[in-house]
2 protein chains.
Amino acid sequence: MEHYKVKEISVLLTNSFANRVDRMKSSDIRELLKLISADIISFTGGAPDPDAFPSPEQLREAIDYILANREKAFQYGITDGLPSFRESIIKFMERQMAIKAELKNVLVTNGSQEGLEVVGRLFINKGDKVAVGLPTYLAAIQAFNLWRPKYIGVPVDKDGLNTFTLEALVKKHRRTRKPIKFVYVVPTGQNPTGTIMSLERRKHLLEIASKYDLFIVEDDPYGFITFRDNIPPRIKALDDEDRVIYMSTFSKIFAPGVRLGWVVANETVIKHMSLAIQAINLCPPNFNQYMLKYFLDKRLIDNNIPKIRRIYREKRDAMLMAMDEYMPSEVNYYRPDAGFFVFAYLPDYIDAKKLLYYAIEKEKVAFVPGRSFFVDGSGYNTMRLSYSLPKPNVIITGIERLSRVIKDHIKRGGS
Amino acid sequence: MEHYKVKEISVLLTNSFANRVDRMKSSDIRELLKLISADIISFTGGAPDPDAFPSPEQLREAIDYILANREKAFQYGITDGLPSFRESIIKFMERQMAIKAELKNVLVTNGSQEGLEVVGRLFINKGDKVAVGLPTYLAAIQAFNLWRPKYIGVPVDKDGLNTFTLEALVKKHRRTRKPIKFVYVVPTGQNPTGTIMSLERRKHLLEIASKYDLFIVEDDPYGFITFRDNIPPRIKALDDEDRVIYMSTFSKIFAPGVRLGWVVANETVIKHMSLAIQAINLCPPNFNQYMLKYFLDKRLIDNNIPKIRRIYREKRDAMLMAMDEYMPSEVNYYRPDAGFFVFAYLPDYIDAKKLLYYAIEKEKVAFVPGRSFFVDGSGYNTMRLSYSLPKPNVIITGIERLSRVIKDHIKRGGS
């Protein structure tokens, strides 16, 4: 075995990937979260509530439908997704989202993460500037990082991404060699703040994109997980210049276990995305597409949306009620109108990562430290609390426990 | 709309992707194959025969099993794949493939294409040297191309990749600044030649890898689609230095419509692959993994292998018989012992791409011109004929038609 050196894999890794692994190593949150065992109340991941999943009866009907199309359902598919499934998505978008699209504008993905991956692959050269929220969705940053962009952070407040600051930043960077190339935004149920971008800002964002020739990546996993009236239309529904690359997923309105999402964009963008995905994994699974097609065509997904909203609203309410009750006044947090998360700011002398150790060890409760959601290295005193999976009574117990750890920390001045 | 410039997407594309698109544009085969309509006999894709797919009865049993595990089957999974499914794969490999692996060595992928994608992402820096067969699997080249390697072509003959030439090339490139980094090989049912690499060469390849510190990517989609006795063990089964990254798929022994494959490798390689895939699409679908787990644990896949072999052997026999009968003596071809394809050499004054136009237009028969399988730009006079999908009598008719076009071309001296 003396010749054996291949194990020193770090030497063999590509520059861009090794760079990325280094960045990930520097964060040991992943390792920390491995400590989570069954007796810990976890507010970490954004896993949906199984009560929101399709019923076994409906699933059996869908299986009959799949078996009636067995030869196609088990065969290789088309990279863009089955045309008949994309037609079903188009009709769903028309009736539920006011988005109009043709077949050539729609691409099926293995979860919306794959849409993010492909956006990075197609559009980010090393050093290209990408505007994102402060904070913004962690896994989008992870997907983009491989391509080594330069992030321009744009503050998020209760009305979503602050487009006035964005415009100032766009102007500023236009005067450099590299203008901002695109804006990544989660307008409804922003991850992690749970905010909904106002209609005015959505329109303003489109104006900025038009005026300065940017494009917009609209990530919309929580578009249906909303808890108030008067939700503004998707940015894509307002986009008459075809500047928006819209992506969504069936993970929250059906189930994540089938890994299906979709992208709506300009025909040329879709063509290039298709070329990219062909090299990644050829095509999404036909079997799963037939399943979802059945649920869409029978309007089982449409009909399930009110129930899904109720499930998460109840949990959101439980978490907010418990936080109002137990959290010390030094802790501030958003009151989410959509999505799966409450995002909280601790006093600035508290490091949320350090707090997490204590929370897990002493009170058996876990959360995601917020720092990874900030591309500017800030947010060390923030935390994301997911209410999507635990039952309401468990949420209340968990928040009570977490409040104790925080109070204790505040008493000791954060050490 | 006068501001609108985003449509000029080619300007926005990343350098590496634009480069790749240019290469793809230069080949118009894709466009040509779009001409294929229902009345054309197609020997193009490598789609499995639906008779080889799982039976509806077995599938319904599997659905019962999935529904009994509904909460997990519909939930997000782990990037590496469900541990219980990976355990089922490990047992399958032990009893069917003499490959020993532990959980930490196995990763589930969205089809084996994703394994190729990730190998490229992890290991290919621009200009890195990768040894591949002449010819070799087209989609591996496509997956690697984005990362811009330099290919070193190694001749393939009836015993597979010529390892003596490989060793000479490895030696030669060791004297340059960039030695060869890894060897990509499809040892059983080589795509496109259908050859089986001999045991001696498999051993020699491992010796070369050890002596010159390379690693080996063993792509094994056709390992069970074999038509003779004495199939040598997988290279991975002989690999006592952990130098082989082994990848396979359930597409040919179950069905491509579920998009599941797997990788077996060194623990460190698997860890990095997992990090890469997490950013691409988070995880493979739990639903599909539960389905396959049922089929593996009940040995339904094991029990189906003899039938699958019979299906493709009959088709291989039909194609070879028809070629022996109808093809002019100027056409030479491999007699495949495994896989889905017959690979043929036309007289060197015939351009197979040009021939394809005539074949589709005049005789309504299609094939894949072989040039794309050669990284050195040769092979313009070769063609790959897939026998996996059409019925035996259709194969015979198709070959008869194709032979007419070729004879006609030979008569006219290739013009």
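The values are calculated or read from the model by the stated rules, or taken from the named source; none is laboratory data. These numbers come from a predicted model, not from an experiment. Reconstructed Cβ throughout: ideal geometry from the backbone, glycine too, with neighbour counts over all protein chains shown. To get the accessible areas, we keep the full protein, side chains included, count just its heavy atoms, and leave off ligands, DNA and RNA. Shrake-Rupley method; radii C 1.70, N 1.55, O 1.52, S 1.80 Å.
Per the Debye formula on identical point scatterers at the alpha carbon atoms of segment A:126-190, with no solvent, log10 I(q)/I(0) at q = 0.20, 0.27, 0.29 Å⁻¹ is -0.77, -1.22, -1.31.
With semi-axes defined as the square roots of five times the eigenvalues of the C-alpha gyration tensor, the equivalent ellipsoid of segment B:56-301 measures 32, 20, 15 Å, largest first. For segment A:181-223, applying the loop criterion from DSSP together with a ceiling of 11 other beta carbons within 10 Å to the chymotrypsin sites (Phe, Trp or Tyr not before Pro) yields no site. Placing +1 on the Cβ of each Lys and Arg and -1 on the Cβ of each Asp and Glu in the protein assembly as shown, which of B:Gln58, A:Ser372, A:Ile152 has its Cα farthest towards the positive end of the resulting dipole? The listed residue farthest towards the positive side: A:Ile152. A simple count of charges around B:Tyr334, restricted to other residues whose Cβ falls under 15 Å of its Cβ and scoring Lys, Arg +1 and Asp, Glu -1, yields 0. With all protein chains kept in place, the per residue accessible area of the protein assembly as shown amounts to 37 square angstrom at a probe of 1.4 angstrom.
In the structure shown, do any of A:Lys104/B:Lys271; B:Lys203/B:Lys298; B:Lys236/B:Lys307 have a Cα-Cα gap over 30 Å, and if so which? Over 30 Å apart, Cα to Cα: A:Lys104/B:Lys271; B:Lys203/B:Lys298.
Extending 7 Å from the Cα toward the beta-carbon at both B:Tyr357 and B:Asn303 defines two label points whose distance is 5.3 nm. Above 13 angstrom, tally the Cα pairs of segment A:248-310 and express them as a % of all pairs, no decimals. I get 70 percent for the Cα pairs in segment A:248-310 exceeding 13 Å.
Start at zero, step by 20 Å, and the Cα-Cα distances of chain A spread as 25, 56, 18, 0 percent across the bins.
Given R0 = 30 Å, the distance between the Cβ atoms of B:Glu94 and A:Lys104 translates into a calculated FRET efficiency of 0.05. Placing a label point 7 Å from the Cα of A:Ser378 along the Cα-to-Cβ direction, the residues of segment A:125-156 with a backbone N closer than 14 Å are A:132-136, A:152-156. When chain B is treated as a GNM with alpha-carbon contacts under 10 Å, the residue of B:Asp39, B:Asp239, B:Asp128 showing the greatest mean-square fluctuation is B:Asp39. For the pairing of chain A with chain B, what total accessible surface becomes buried, with a 1.4 angstrom probe, in square angstrom to the nearest 100? Buried area between the two chains comes out at roughly 7500 Å². For chain B, set up a Gaussian network in which alpha carbons nearer than 10 Å are linked by springs, and say which option among B:Gly46, B:Gly377, B:Gly339 fluctuates the most. In the Gaussian network model the winner is B:Gly377. Span-like helix check, chain A: qualifying full DSSP H segments, with Cα axial length of 27 Å or more and mean Kyte-Doolittle of -1.0 or more, are A:300-326, A:392-411.
Only Cα sites of segment A:286-351 enter the Debye sum here, all with the same form factor; the resulting log10 I(q)/I(0) across q = 0.13, 0.14, 0.21, 0.23 1/Å is -0.56, -0.61, -0.88, -0.98, listed in q order. Phi-derived couplings, Karplus 6.51 cos²θ - 1.76 cosθ + 1.60 at θ = phi - 60°, listed residue by residue for segment B:43-51: 9, 8, x, x, 6, x, 6, x, 4 Hz, with x used for Gly and Pro. Sequence-distant contacts, meaning Cα pairs under 8 Å at least 6 residues apart, place the relative contact order of chain B at 23 percent.
If you take the Cα centroid of segment A:86-158 and the Cα centroid of segment A:256-318, the two points sit 14 Å apart. Peptide B:73-83 has a mean of 4 when you count, residue by residue, the C-beta atoms of other protein chains within 10 Å of its C-beta.
Computed from the alpha carbon positions, the gyration tensor of the protein assembly as shown leads to an equivalent ellipsoid with semi-axes of 47, 29, 27 Å, biggest first.
Restricting segment A:310-352 to chymotrypsin sites (Phe, Trp or Tyr not before Pro) that sit in a DSSP loop and have at most 13 other Cβ atoms within 10 Å of their own Cβ leaves A:Tyr349. Across the accessible surface of the protein assembly as shown, with the other protein chains kept in place and a 1.4 Å probe, carbon and sulfur atoms take up 49 percent. Rounded to the nearest 20 debye, the dipole magnitude of segment B:292-344 is 480 debye, with +1 charges on Lys and Arg beta carbons, -1 on Asp and Glu beta carbons, and the Cα centre as origin.
Under 5 Å between amide hydrogens, built in the peptide plane, is the criterion, and for A:Val217 it picks out A:Val183, A:Tyr184, A:Val185, A:Ile245 among residues at least 5 positions away or on other chains. Once the Cβ-Cβ distance of A:Lys126 and A:Asp317 is raised to the sixth power relative to R0 = 35 Å, the FRET efficiency obtained is 0.20. Computing FRET efficiency as 1/(1 + (r/R0)^6) for B:Glu267 and B:Glu330, where r is the C-beta to C-beta distance and R0 is 45 Å, gives about 0.30. Relative to the Cα centre, the charge distribution of segment A:56-301, modelled as +1 at Lys and Arg Cβ and -1 at Asp and Glu Cβ, gives a dipole magnitude of about 800 debye.
For A:Asp157, nonlocal amide neighbours, meaning residues 5 or more places apart or on other chains whose placed amide H falls under 5 Å from its own, are A:Asn162.
Distance between the modelled labels on B:Glu57 and B:Lys171, one decimal in nanometres: 6.0 nm (7 Å Cα→Cβ projection).
Mean residue ellipticity, 222 nm, helices only, chain A: the sum of -39500 (n - 2.57) across DSSP H runs of n ≥ 4, divided by residue count and rounded to 500, is -14000 deg cm²/dmol. Note on B:Asp348 and B:Arg310: their simple-model spin labels are 4.5 nm apart, each label 7 Å out from Cα toward Cβ.
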